[in-house]
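Asker: My questions all concern the structure below.
Read-outs throughout are calculated quantities, based only on the coordinates presented, and are distinct from any laboratory measurement. None of these values were measured; they are calculated from a predicted model. With ideal geometry, Cβ positions are generated from the backbone for all residues, glycine too; neighbour counts draw on all protein chains shown.
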Amino acid sequence: MIDILSRPQSAAAVLIFAATYLVLAIGRLPGFRLDRTGAAFLGAALMVAAGVLSLKQAMQAVDFDTIALLLGMMIVVANLRLSGFFRLVTALAVRRVNHPLTLLIVIVLVSGVLSAFLVNDTICLVLTPLVLDVVLKLERPAVPYLLATAMASNIGSVATITGNPQNIIIGSISGLSYSHFAGALAPVAATGLVLTVALIALVWRREFLTPARIAMPALPPVRAHAGMIVKTLLVTAALIAAFFLGVEPGKAAVVAGGVLLLTRRVKIEKMYAEVDWTLLLMFVGLFIVVAGFERSLLTPGVIRQVAAQHFDHPAVLSLITAALSNVVSNVPAVLVLRPFVSGLADPAHAWLVVAMAATLAGNFTLLGSVANLIVAQKARMRGVNLPFWDYFAVGAPLTVLTILIGVWLL
């Protein structure tokens with residue numbers, strides 16, 4: 001190890017990698033306006049500038065299958081949102097609710113099920129304002145319902161490859177089929193959603209464990225484009241069917257996204273605005289930074305030595321993944337674990353464990369996932385504060401319980 005670090009390029013790679021991940025951990029470079037995306041891109045640029053990777057090697061390090069899948073899914077979700085589909089689903093789901101516990105269950109199911117097939121960050125983006133509209137009109141405390149939205153979204157997204165960004169990466173680099181992935185992790189997600197309802201109801205028992213009824217007020221008419229909804233749902237159904245039939249996910253998502261761009265109803269610029277370009281750029285940067293680190297420091301011997309430290313045990317791998325995910329976030333954690341997991345005796349099973357732990361770890365604190373931060377930010381824009389400790393009171397035990405169940409089921 002010392003010999004490796006004595007080489008200038010290797011030492012530079014370690015410094016660039018460490019600095020990049022430090023900014024990822026704290027969220028922003030102190031004294032500068034550099035955020036996580038900027039840090040990832042700057043780190044990638046420095047890897048090339050320092051000679052750790054050539055420009056060609058840097059481009060080859062980017063997993064364009066992952067980028068394609070994420071981009072295609074963003075376009076699909078953009079069409080669902082712009083068509084009014086999410087507003088319509090929310091209105092239909094809450095129309096006959098007459099008890100706070102029933103409303104909680106509805107929110108958990110809608111958030112969890114939609115996040116299972118569509119990227120959870122985008123589900124939180126569109127669902128949070130709708131949930132707030134309902135609970136504020138009912139004059140109910142908003143916090144437990146916001147917790148349900150965020151936590152159910154995280155847990156539901158563990159079920160499939162397209163549930164969240166880290167699963168998309170894992171699906172691309174592991175070679176796991178969509179059906180195999182869903183078959184293994186959907187039971188974990190289903191159990192976690194039940195636990196979410198139970199824990200929130202227990203912690204907020206004055207709200208949910210009461211005979212009091214609620215009268216759902218008349219909701220305003222939902223503005224929706226019926227033709228656009230039908231078209232998008234047909235494309236989405238075909239896309240999910242293609243996933244389960246074994247079509248390459250990136251290819252299927254790009255084709256679906258391309259078809260949905262052909263529209264006369266919505267200005268194309270609105271669809272482009274719905275795409276999270278900064279997230280795609282961060283992915284590109286992280287692929288290059290991690291590749292430079294691997295090339296310079298992670299020799300086969302080092303990888304074998306580290307992986308031999310009980311990485312093949314699901315409980316140990318879950319603990320390492322969950323801890324790392326809460327330090328630097330789940331996507332960077334997955335990329336760092338890639339060389340170690342790929343070298344295990346059963347990498348396919350290990351990747352399922354990593355997907356489970358990295359996703360469920362996002363519920364530990366309010367800062368644990370991007371989905372949580374989206375919910376908190378959207379709520380703040382409406383004058384509603386989501387306190388850190390209120391989140392932690394439910395999120396911490398929920399994370400521990402769901403990961404333990406996940407380890408047991410896997």
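Asker: Is it possible to state the helix-based mean residue ellipticity at 222 nm for the chain, with each DSSP H run of 4+ residues giving -39500 (n - 2.57), the sum divided by total residues, to the nearest 500 deg cm²/dmol? What is it?
Answerer: -24000 deg cm²/dmol
Asker: Counting other beta carbons within 10 Å of each Cβ, put 85, 32 in order, fewest first.
Answerer: Placing the least packed residue first, the sequence is 32, 85.
Asker: Could you give the distance between the Cα centres of the stretch 30-63 and the stretch 93-109, to the whole Å?
Answerer: 46
Asker: For a test of understanding, tell me how many lysine pairs in the chain have Cα atoms under 23 Å apart, given they are 8 or more places apart or on different chains.
Answerer: Values: 137/378; 231/251; 231/267; 231/270; 270/378.
So the count of such lysine pairs works out to 5.
Asker: With Cα extents along the principal axes in Å in mind, check (i) 66, 59, 45; (ii) 71, 49, 47; (iii) 87, 54, 40 and report the label derived from this structure.
Answerer: (ii)
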